[in-house]
Amino acid sequence: MADAAPRLMGLVEQLLGVPLPVRIRAWDGSQAGPPGAPALVVRNRRAVRRLLWRPGELGLARAWVAGDLDIEGDLYTCLDLLSGLIWERGEDARSLTQALRDPEVRAAVRGLVAMAGTPLPPAPPEEEVRRRGHLHTKRTDRRAISHHYDVGNDFYEIVLGPSMVYSCAYWQGPDDTLEAAQYDKLDLVCRKLGLRPGMRLLDVGCGWGSMALHAAKEYGVSVVGITLSQEQAAYARKRAADEGLTDRVEIRVQDYRDLKDGPFDAISSIGMAEHVGAQRYLEYATHLHGLLEPGGRLLNHQISRRPQRDETTYHVDEFIDAYVFPDGELQPVGVTVAQLERAGFEVRDVEAIREHYARTLRRWVARLEADWPRAVRLTSPGRSRVWRLYMAASALAFERNRIGVNQILAVRTPDSGDSGMPLRARTWN
């Protein structure tokens, strides 16, 4: 008798203490759950073993990346239905320990163990990070950056498009193209920084060089861009050469902690600070402050999270930490502002643009899905599945205000108190 799906459904609902809002379709052809709802497709017994050996988000992530678990129906709808059970349960959620006190749950788990087959734990997918060393040393940061970015520039061209900008675009309207929105974001950063010909700009975490090239070409500045990714640096240097900008754009493979040749007139940090780590953020901000000329501006474009009632309970998302951004950490925007000011900056403007990132991510997912076979050939099925799930789940997180993204404009205000800023806010010169 084909009954794997009803048994799985019953166990999950007993563990969670609430009904499961999606269907389950199992390897034996059985189905269970609300008719018409998207389905979690459990392709084999190995998916069950992964969840038994690592209950929770990491077990689900391993099953997804390995292809043992899939989604049938609209990806966003399914993730949205599951988000309250996986990511938003909060401090009052029923814990696994509490559930296992129930004799019926323990009996169901024993049945599930029998159904899962061999008791040996499946090996993690090859795409999972293997942990070595302390957090946020120069060596571990290089390794983390390489894991995320050195997966092939051709793959990122599929996802990001010709702009090769891997951060939130800035949308003027629903009919904008991704390219136009990314151009507008880069130009907004340049205007907030007050760039003028002859200035010297530092672009920290320069990626594939888009900000550096835009600032040099459109605003006549000289740019030093730094990254820890060899593949990004090679790509950015070629772009600068192709556009005849090598006299104004220098791309380095360099850790920000090793940068000594200031001062700069302005600094852009776009999608970089998330990699720095909470414990090193004040050090990062202080170092950037020291690299700026008095009166120089910093534009810090950074993802944030919602503050928690008890900040000591914060932990990094297991899926993202293991497969996407190893060692990445998010802070509430208020913490970031306070640390920038502790480092000596005067924060002059904070613009929240989380809805813009949700739209950007949906465009990236659509590009990946439209060229899926090629993406798989360029990387691996597991890596492509990581990026599809990560970007779709992130789009929903921005839409539901679970995370945000902010552009923080700060100035190294000189002792005279003259910040050089316009009197009217949001009047960028």
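The values are calculated or read from the model by the stated rules, or taken from the named source; none is laboratory data. Values in this document were obtained by computation on a predicted structure and should not be read as measured data. Here the Cβ positions follow ideal geometry from the backbone for every residue, glycine too, while neighbour counts run over all protein chains shown. Surface areas here come from the heavy atoms of the whole protein model, side chains and all, with no ligands, DNA or RNA. Shrake-Rupley method; radii C 1.70, N 1.55, O 1.52, S 1.80 Å.
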### Query
Helix 333-342 versus the longest principal axis of the chain: what angle, 0 to 90°, nearest 10, using Cα atoms?
40
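Where does each of 179, 329, 355 land when they are ordered by accessible area, with a 1.4 Å probe and the largest first?
Values: 179 70, 329 45, 355 110 Å².
From most exposed to least exposed: 355, 179, 329.
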### Message
With unit charges on the beta carbons (Lys and Arg positive, Asp and Glu negative) and the dipole taken about the Cα centre of the stretch 303-423, which residue among 333, 358, 376 sits farthest to the positive side?
### Response
376
### Summary
If each part is reduced to its alpha-carbon centroid, the stretch 184-230 and the stretch 32-50 end up apart, in Å, by 47
### Task
Leaving ligands, DNA and RNA out of it, work out the accessible area of residue 252 with a 1.4 Å probe and give it in Å² to the nearest 10.
40
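If N is the number of residues in the stretch 310-389, what value comes out of its Cα radius of gyration divided by 2.2 N^0.38 Å? Show your work: numbers first, answer last.
Details: Rg = 17.4 Å, N = 80, 2.2 N^0.38 = 11.6 Å.
Against the empirical 2.2 N^0.38 Å value, I get 1.50 for the stretch 310-389.
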### Query
What size of dipole, in debye to the nearest 20, comes out for the chain about its Cα centre when the only charges are +1 on Lys and Arg C-beta atoms and -1 on Asp and Glu C-beta atoms?
840
### Query
Do the sum for the chain: with -39,500 (n - 2.57) for every DSSP H run of n ≥ 4, divided by all residues, what is the mean residue ellipticity at 222 nm, to the nearest 500 deg cm²/dmol?
-13500 deg cm²/dmol
### Message
Using only Cα atoms and rounding to the nearest 10 degrees, what angle (0 to 90) does helix 354-370 make with the longest principal axis of the chain?
### Response
60
#### Entry: Calculated FRET value between residue 374 and residue 254, using beta carbons and R₀ = 25 Å, to 0.05
0.15
### Summary
Carbon plus sulfur, as percent of the 1.4 Å-probe accessible area of the chain, comes to 51
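So if I place +1 on the C-beta of Lys and Arg and -1 on the C-beta of Asp and Glu, and nothing else carries charge, what would the dipole magnitude of the stretch 248-334 be about its Cα centre? I want it in debye, nearest 20.
Values: 9 positive and 15 negative charges, 60 e Å.
For the stretch 248-334, the charge dipole is close to 280 debye.
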### From the coordinates shown, Rg and Dmax of the Cα atoms in Å corresponds to which of (i) 22.5, 73; (ii) 23.5, 82; (iii) 19.5, 62
(ii)
### Which of 37, 262, 14, positive extreme of dipole for the chain (C-beta unit charges)
14
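State in Å² the accessible area per residue of the chain; use a 1.4 Å probe, count heavy atoms of protein chains only, and round to the nearest integer. Write out the running numbers ahead of the final one.
On the way: 19120 Å² over 429 residues.
Computed with neighbouring chains in place, this is 45 Å² per residue.
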### Task
Could you check the simple spin-label distance between residue 238 and residue 179, using points 7 Å along Cα→Cβ, in nm with one decimal?
1.9
### Task
At a 1.4 Å probe radius, which order do 421, 164 fall into by accessible area, largest first?
421, 164
